[in-house]
Amino acid sequence: MDEGFDKKEGNGRNDREEIFSKAVRAGKRTYFFDVKATRRNDYYLTLTESKKRFGRDGQPYFEKHKIFLYKEDFEKFSEGLAEVIEFIKEANPVLLEKAPEETNTDSKETKDSISKGYTNVEFEDLESKKD
């Protein structure tokens, strides 16, 4: 599902509104980049982060966070994103190393990463500390 796909075919309402989609799997999260059209055929982008969660009953559900990005903001958004990414790369390049697999927490790679000052903090870790 990492391939983009074109949805220009068809005559249904959804076909007209959603033009193109790209899904990117990144660890436990999936990011969706969806190009959609307004009624006036102006394109805009929705960025969605989707993460599988489990309810108290053990049933899975997907937690989603969505951002709408309109064409008049594309340039400033992309400039800001590029600047922030460059800052992170320059200020703390160790953060960009591949995180160790969670299932192999006793590995040499994990111990080496931790000894370098790197720890992988997930949102779940932060949420559990609030309780």
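Kindly evaluate R29 against the criterion of being of a type in the set (K, R), at pLDDT below 95 and within 20 Å of the chain's Cα centre (by Cα).
On the way: of a type in the set (K, R): yes; at pLDDT below 95: yes; within 20 Å of the chain's Cα centre (by Cα): yes.
Yes; evaluated as a whole, the condition is true for this residue.
Of everything in the range 34-74, what is among the hydroxyl-bearing types (S, T, Y) and either part of a strand (DSSP E or B) or not assigned by TED's automatic domain parsing to the domain that holds A23 (or both)? Give them in sequence order.
If the condition is that a residue be among the hydroxyl-bearing types (S, T, Y) and either part of a strand (DSSP E or B) or not assigned by TED's automatic domain parsing to the domain that holds A23 (or both), then Y43, Y44, T46, T48, S50, Y61, Y70 are the ones that fit.
Would you confirm whether or not the range 48-60 contains a residue that is among the small types (G, A, S), surrounded by 10 or more Cβ atoms within 10 Å (Cβ to Cβ) and under 18 Å from G27 (Cβ atoms)? Write out each step before concluding.
Applying the first criterion (among the small types (G, A, S)) to the range 48-60 yields 50, 55, 58.
This time we only want the ones that are surrounded by 10 or more Cβ atoms within 10 Å (Cβ to Cβ), so: 50.
Then keep just the ones that are under 18 Å from G27 (Cβ atoms); that gives 50.
For the range 48-60, residues among the small types (G, A, S), surrounded by 10 or more Cβ atoms within 10 Å (Cβ to Cβ) and under 18 Å from G27 (Cβ atoms): present.
The values are calculated or read from the model by the stated rules, or taken from the named source; none is laboratory data. These numbers come from a predicted model, not from an experiment. Please note: Cβ atoms are built from the backbone with ideal geometry, for glycine as well, and neighbour counts cover all protein chains shown.
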